[in-house]
1. Of the residues TYR124, TYR83, TYR91, TYR101, which is among the hydroxyl-bearing types (Ser, Thr, Tyr) and over 22 Å from LEU32 (Cα atoms)?
2. Could you check how many residues of segment 75-98 are open to solvent by 60 Å² or more (accessible area, probe 1.4 Å), in a helix (DSSP H, G or I) and not β-branched (Val, Ile, Thr)?
3. SER285: modelled with pLDDT under 85, in contact with a helix residue (DSSP H, G or I) (Cβ under 7 Å, 6 or more places away or on another chain), open to solvent by 20 Å² or more (accessible area, probe 1.4 Å) and not in a helix (DSSP H, G or I), yes or no?
4. Of the residues that make up segment 221-244, is at least one of a type in the set (Ser, Thr, Tyr), at pLDDT 80 or above, more than 18 Å from ALA179 (Cα to Cα) and touching a Gly at 6+ places or on another chain (Cβ under 8 Å)?
5. Is segment 222-238 home to any residue that is open to solvent by less than 20 Å² (accessible area, probe 1.4 Å) and over 21 Å from the mean Cα position of the chain (by Cα)?
6. Residue check: is PHE304 within 18 Å of GLY26 (Cβ to Cβ), open to solvent by 40 Å² or more (accessible area, probe 1.4 Å), at pLDDT below 85 and not in a loop (DSSP other than H, G, I, E, B)?
7. Which of the residues spanning segment 11-58 are under 14 Å from GLY69 (Cα atoms) and acidic (Asp, Glu)?
Amino acid sequence: MNYIDSIILKRTCTCWKKLGNDLLYGKPGILLYYAQKSNQNTCFEKIYQKMEGDVLSHINKDMPCRLDGLLGITLCTTWILAYWKKGNPDYVLKEIDEDIYRNTMSFINKGEHNNEQEIEILFYISQRLKYGLQGKEKRIIFTRFSEFLLEHTYAHLGSDISKENIPFNILNHKVLYLASLVELYKLGFYQKRIKRITYEISLKIQALPYALGNKLMLLLFCLKLKKIMGDGVGKWPEIEKSLLNNLSCLNVNCLDLPYKNISLANGLTSYYLLGFLCNSTNGHSLFKLDTNSYRHEILKRVLFLTKNDSDTMLPLGLNGIHGFHFLYSLLVEHHG
């Protein structure tokens, strides 16, 4: 374990009991980080196992079925089992999947409606269908469930789907909805309907977004649609061309960010991540990603931890120091 890892671990252990279950700010995102670290270095394995046991032991039926509750934990578990640890997600998440399905259908049948929550559940289901759900019967149920939520949430989004979210947030609900469309289409579900929905969405977009994060996210969606559907779906080729012209001079590491924000939600880390995803989806580099500059920004924050005890000055979790290091390792792996 190197010096930087020891600093991060010390702050994590100090603050662990005070953390909640939010995907970006809480324990699930940190668990994701240490799952990766334990695969790279066995000295983190006991740390990961202890954290995993604590997170899973606190699951209960009173948890909100949101990304800051049950969905945050189950999504991280799904990704961990897909990339770093052995295990059958159908077995591990059996009761949780059933609770999510039963509770969602219960409040919908009662006429209760929360579009943001339903989109979060749709995103969760798209990820479970992508990485797990090997059981035939359960897969059929969740496939039909995703179709219902796809239509139900789209009907309530209306013209809001084309409105810009300010400030940008990488996990805003329009982003999650579009990501769900892409994953379900790639899996071969409702392709004709999803193609129609994406066509209709393109016609509603009258102007390019203002915020850089929203521009990069929309470009990523354009590139993913082109990759899975080909050219000629609605106005997406035209939107892609306009975005590329608008972003042609972008050099991510030269951005003048307010308050030196490097968070995953709406700061430099999100721009690096989106730039990386645009590059990899496109097949060749669209944006320069200077890993040395990014590492320099991370190290400044980590060294700050050694001199300051305030939890609020540098958050933990995916939207804090763990997210910074998580993305940095990804960039180094692919770009050196």
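The values are calculated or read from the model by the stated rules, or taken from the named source; none is laboratory data. This structure is a prediction, so every number in the text was calculated from the model and none was measured. Counting neighbours? That spans all protein chains shown, and the Cβs are built from the backbone with ideal geometry, glycine included. Surface areas here come from the heavy atoms of the whole protein model, side chains and all, with no ligands, DNA or RNA. Shrake-Rupley method; radii C 1.70, N 1.55, O 1.52, S 1.80 Å.
1. After ruling out the rest, the residue left standing is TYR101.
2. Total meeting the criteria: 5.
3. Here the answer is yes, as SER285 does meet what is asked.
4. Scanning segment 221-244, I find no residue that is of a type in the set (Ser, Thr, Tyr), at pLDDT 80 or above, more than 18 Å from ALA179 (Cα to Cα) and touching a Gly at 6+ places or on another chain (Cβ under 8 Å), so the answer is no.
5. We begin by selecting, within segment 222-238, every residue open to solvent by less than 20 Å² (accessible area, probe 1.4 Å); these are 222-223, 225, 233, 236.
Pick out the ones that are also over 21 Å from the mean Cα position of the chain (by Cα) and you get 233, 236.
Yes, because at least one residue in segment 222-238 is open to solvent by less than 20 Å² (accessible area, probe 1.4 Å) and over 21 Å from the mean Cα position of the chain (by Cα).
6. Numbers: within 18 Å of GLY26 (Cβ to Cβ): no; open to solvent by 40 Å² or more (accessible area, probe 1.4 Å): yes; at pLDDT below 85: yes; not in a loop (DSSP other than H, G, I, E, B): yes.
Taking the combined requirement at face value, the residue does not satisfy it.
7. Hit for segment 11-58 is ASP22, nothing else.
Results for (1) open to solvent by 20 Å² or more (accessible area, probe 1.4 Å); (2) free of Cβ contacts under 8 Å to residues at least 60 places away in the same chain; (3) part of a helix (DSSP H, G or I), shown as yes or no for each residue.
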| position | (1), (2), (3) |
| --- | --- |
| MET1 | yes, yes, no |
| LEU31 | no, yes, yes |
| ILE47 | yes, yes, yes |
| ILE73 | no, yes, yes |
| ILE100 | no, yes, yes |
